[in-house]
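The values are calculated or read from the model by the stated rules, or taken from the named source; none is laboratory data. Since we're looking at a predicted model, the values are computed, not measured. A quick note on method: Cβ atoms are made from the backbone with ideal geometry, for glycine too, and the neighbour counts reach across all protein chains shown.
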There are 2 protein chains.
Amino acid sequence: MSAKRWVLAARPDGLPKPSDFRAEMLDLPPLKDGEALIRISHASVDPGMRGRLTGDSYAPALGLGETVESAGIGEVVTSRTAKLPEGALVTGGFGWTTHAISDGRGVQMLDPSVFGGRVRPTAAIGVMGVPGLTAYFGLSDLGQPKGGETLLVSSAAGPVGATALQIGRLLGLKTIGIAGGGAKRNYVLDEIRADACIDYKAQSDLAEAIRREAPDGVDIFFDNVGGEQLDAAILNMKPGGRIVISGQVSEYNAAVPRGIRWVTPFITKRLRMAGLVVYDYRKRFPEAQARIAAWINDGSLSYREDIIEGFEALPAAFIGLFNHENLGRRLVKF
Amino acid sequence: MSAKRWVLAARPDGLPKPSDFRAEMLDLPPLKDGEALIRISHASVDPGMRGRLTGDSYAPALGLGETVESAGIGEVVTSRTAKLPEGALVTGGFGWTTHAISDGRGVQMLDPSVFGGRVRPTAAIGVMGVPGLTAYFGLSDLGQPKGGETLLVSSAAGPVGATALQIGRLLGLKTIGIAGGGAKRNYVLDEIRADACIDYKAQSDLAEAIRREAPDGVDIFFDNVGGEQLDAAILNMKPGGRIVISGQVSEYNAAVPRGIRWVTPFITKRLRMAGLVVYDYRKRFPEAQARIAAWINDGSLSYREDIIEGFEALPAAFIGLFNHENLGRRLVKF
């Protein structure tokens, strides 16, 4: 039995290239007692993973020759453990590989009473997984929202941003998205039901565009992008405003990122800025997943997946994130 | 009776110039019932006031032709109100003027049981006033210090930084200052009794110099400077670290400030950054002043004043702040 996997072939310099990754076959050893063989069906591609390709980030750098990390879902095909019965759908951090052998650690079975109907199994690595939970805890814990406040979200058509906007709406906030291009803007308005959405590509002055949509200022900026978009938001924050640093996709490929120019308003407007790594909230994941599932099932929270076909497509699907190709959660199916 | 005052003559473009200020004589009206005439003896010069010379900041912009704002101390010379008895020493936001007429609003009498001995009257606009209170509330409220943590402070020989370092020491923190030049470094080590002090002018790589002094990282960065010093600190923060934005003196004269490059560590290291305007803590000023006075009186907290002589020196004394001339709290005596 062998698995196909993608490993890190070279540390990317700037935007990752296809040649930074290499496909390999890996012979899998026979199953031991207590183990199961999982056939992976979907793997995620995540902009936040970019940092670990170059150096130490929230976790140590990925080694050259190691399997590229990602979340995935799969099915148990052979089992020698009662923890992972054959036929079970499971999720875990399998990486970019077609098969994995697991003793059950770090692998969760998908509860059929949750993952069915509107909550598709792929949601386990999307709106019910890291992106959705980042939106949930970033907004609720660091954003400290109060009903009636104004929430601005960058990368509003992405999986984190779209979920943050909708949770904001469900908590009674006025919601404004920032997205690139007419199709994404329409999605944010029509399907995500934000109160407003700014197409940053159509603006010569993003700060001024935000001012038009939020003339009284922004209470919470939920940022997935960084750089110029973060600066434009800072100039529009209300006194006491909170900035949640969820992602900085415009910055990950830069050796020295652009950063922000406007720190002085942190004094004059008493701003707060904080970042999060969602794994810190692990104990509260069940609470958040139950709420998200209930919102999905009653039709108040929608999610979209951008599913690319074919194991060979993994590097290109990842690289395309930095070209803003995706609308919704990008997964690769194989 | 007339007063001499300095008014804003032109909005500074970059570093303020002497010609941005104009000295004027102002005829004072006769005292009415309920008023007192105060002769000002000392006025402060404050880097944080720079923002209001150009545009709206934490308070609306200063108007052209208006008296430059500052804190001051003085003596009541003539009084028609029991609130301000003749001979009393008082403090208030008098601005750069030799005399002021007051009905008592915004003016406090200096309590002789507090302001005597080691706590000199001038401390009312220094370590017991805005700079000292900014250090106290910035460190205690936004810094959230826990005994044994490592505190890094920029502009460590300035009135805010030197007080923050000492309060940090008194709260059981390991204290590291950043200051420019050997004289300031010696002051921070010998008189402020910080555990270490980095002369940034003697470093080619400030981030590396911080790493040598704090190999395990910095828990709290109390920043009065901004720009490159803030970036160097961010690269050395521990996970969960707090950054207190007290001042950004390297940024105030720039039309578009330098800002910071490193926002991505806010995610990977779960950093928090927050700014303060000390007036938000007004109700707690007495509590803080009592603690600061007690520390001064028992010899555990020292403060230094850099007193320039002569009313005419006010603009130059202010401009000199941005050339890092001052060691300790700069006041002008007249």
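Here the condition is being within 24 Å of A:Val277 (Cα to Cα) and charged (D, E, K, R); of B:Asp195, B:Asp219, B:Asp190, it holds for B:Asp219 alone. Taken over segment B:20-60, the criterion of being among the aromatic types (Phe, Trp, Tyr) and either part of a loop (DSSP other than H, G, I, E, B) or within 14 Å of chain A (Cβ to nearest Cβ) (or both) is satisfied by B:Tyr58 alone. For segment A:259-280, which positions are of a type in the set (Lys, Arg) and either within 7 Å of another protein chain (Cβ to nearest Cβ) or under 18 Å from B:Leu271 (Cα atoms) (or both)? Hits for segment A:259-280 are A:Arg261, A:Arg270, A:Arg272.
Of all residues in segment A:239-258, those being facing chain B (nearest Cβ under 8 Å) and of a type outside the set (Asp, Glu) number 8.
In this entry, B:Leu314 is excluded by the filter for residues that are in contact (Cβ under 8 Å) with a residue 24 or more places away in the chain, hydrophobic (A, V, I, L, M, F, W, C), away from every other protein chain (no Cβ under 14 Å) and not in a helix (DSSP H, G or I).
Tell me yes or no: at least one residue of segment B:260-268 is on the phi < 0 side of the Ramachandran plot and within 23 Å of the chain's Cα centre (by Cα). Looking through segment B:260-268, at least one residue is on the phi < 0 side of the Ramachandran plot and within 23 Å of the chain's Cα centre (by Cα). Out of (1) within 20 Å of the chain's Cα centre (by Cα); (2) assigned to a strand (DSSP E or B), what's the single condition that is false for B:Gly95? Every condition holds for B:Gly95 apart from (2). Without any contact (Cβ under 8 Å) to a residue 60 or more places away in the chain, within 14 Å of chain A (Cβ to nearest Cβ) and in contact with a Lys or Arg (Cβ under 9 Å, 6 or more places away or on another chain): does that describe B:Gly65? So B:Gly65 fails the test. Report whether or not B:Ala59 is closer than 30 Å to B:Val225 by Cα, among the aliphatic types (A, V, I, L, M), surrounded by fewer than 22 Cβ atoms within 10 Å (Cβ to Cβ) and in contact with a Lys or Arg (Cβ under 9 Å, 6 or more places away or on another chain). Judged against the criteria, B:Ala59 is a match. Taking the conditions (1) facing chain B (nearest Cβ under 9 Å); (2) touching a residue at least 24 places away in the same chain (Cβ under 8 Å) in turn, A:Ile234 satisfies each one other than (1). Of all residues in segment A:239-250, those satisfying the criterion of being closer than 23 Å to A:Val160 by Cα and surrounded by fewer than 24 Cβ atoms within 10 Å (Cβ to Cβ) are A:Arg242, A:Val249, A:Ser250. Annotation note: of A:Ser204, A:Ser246, the sole residue that is of a type in the set (Gly, Ala, Ser), within 23 Å of A:Asn326 (Cβ to Cβ) and not assigned by TED's automatic domain parsing to the domain that holds A:Gly55 is A:Ser246. Would you check if B:Asp280 is outside any loop (DSSP other than H, G, I, E, B), over 28 Å from B:Thr122 (Cβ atoms), within 23 Å of the chain's Cα centre (by Cα) and among the charged types (D, E, K, R)? In short, no.
Could you tell me whether segment A:106-117 includes any residue that is at pLDDT 95 or above, in a helix (DSSP H, G or I) and within 23 Å of A:Ser302 (Cα to Cα)? Checked segment A:106-117: no residue is at pLDDT 95 or above, in a helix (DSSP H, G or I) and within 23 Å of A:Ser302 (Cα to Cα). The set of residues in segment B:210-226 that are surrounded by fewer than 20 Cβ atoms within 10 Å (Cβ to Cβ) and either within 12 Å of another protein chain (Cβ to nearest Cβ) or more than 21 Å from B:Pro145 (Cα to Cα) (or both) contains only B:Arg212.
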